[in-house]
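The values are calculated or read from the model by the stated rules, or taken from the named source; none is laboratory data. Small disclaimer: the values here were computed from a predicted structure and weren't measured. Every residue, glycine among them, receives a Cβ derived from its backbone with ideal geometry; neighbour counts consider all protein chains shown.
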């Protein structure tokens, strides 16, 4: 048995705002469904995320201003966490900073050989934006 694709579904409080948030990140609206719109998707290349207003999963933002720490403290976000793989983390960081997207971890070379940064959607969903880095052996 082989699965062909996986599409996450994010519970969002305001789908129109979320479409605009992803467009600031460089994504496009895939589809919109319902009157008023309550379900839809955003796409970038072969990647797609479904959005459901007030349903299908949890959401919620904790009190932490950063989403990574050696010793976690505070209330963790209740939203979904996803990894996005890109070709240039620093370029995405600059784009997000210019677009006013909340950055909760600046580009950092992690001990697991990934350069990553974190961004957070206002509903508490956290995106780990990363790229593998070569081992220095």
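Structure notes:
- Qualifying residue in the stretch 100-110 (condition: under 25 Å from residue 6 (Cα atoms) and either in a strand (DSSP E or B) or in contact with a helix residue (DSSP H, G or I) (Cβ under 8 Å, 6 or more places away or on another chain) (or both)): no
- Unique residue being within 19 Å of residue 5 (Cα to Cα), touching a strand residue (DSSP E or B) at 6+ places or on another chain (Cβ under 7 Å) and at pLDDT 95 or above when the list is 50, 19: 50
- Qualifying residue in the stretch 73-80 (condition: surrounded by 11 or more Cβ atoms within 10 Å (Cβ to Cβ), in contact with a strand residue (DSSP E or B) (Cβ under 9 Å, 6 or more places away or on another chain), at pLDDT 95 or above and over 30 Å from residue 35 (Cβ atoms)): no
- Scope the stretch 111-133; condition more than 25 Å from residue 46 (Cβ to Cβ) and surrounded by fewer than 18 Cβ atoms within 10 Å (Cβ to Cβ); matching residues: 111, 122
- Number of the condition not met by residue 129 [criteria: (1) more than 18 Å from residue 10 (Cα to Cα); (2) not assigned by TED's automatic domain parsing to the domain that holds residue 6]: (1)
- Scan of the stretch 68-99 for residues that are farther than 16 Å from residue 27 by Cβ and not in a loop (DSSP other than H, G, I, E, B), ordered by number: 81, 89, 90, 93, 94, 97
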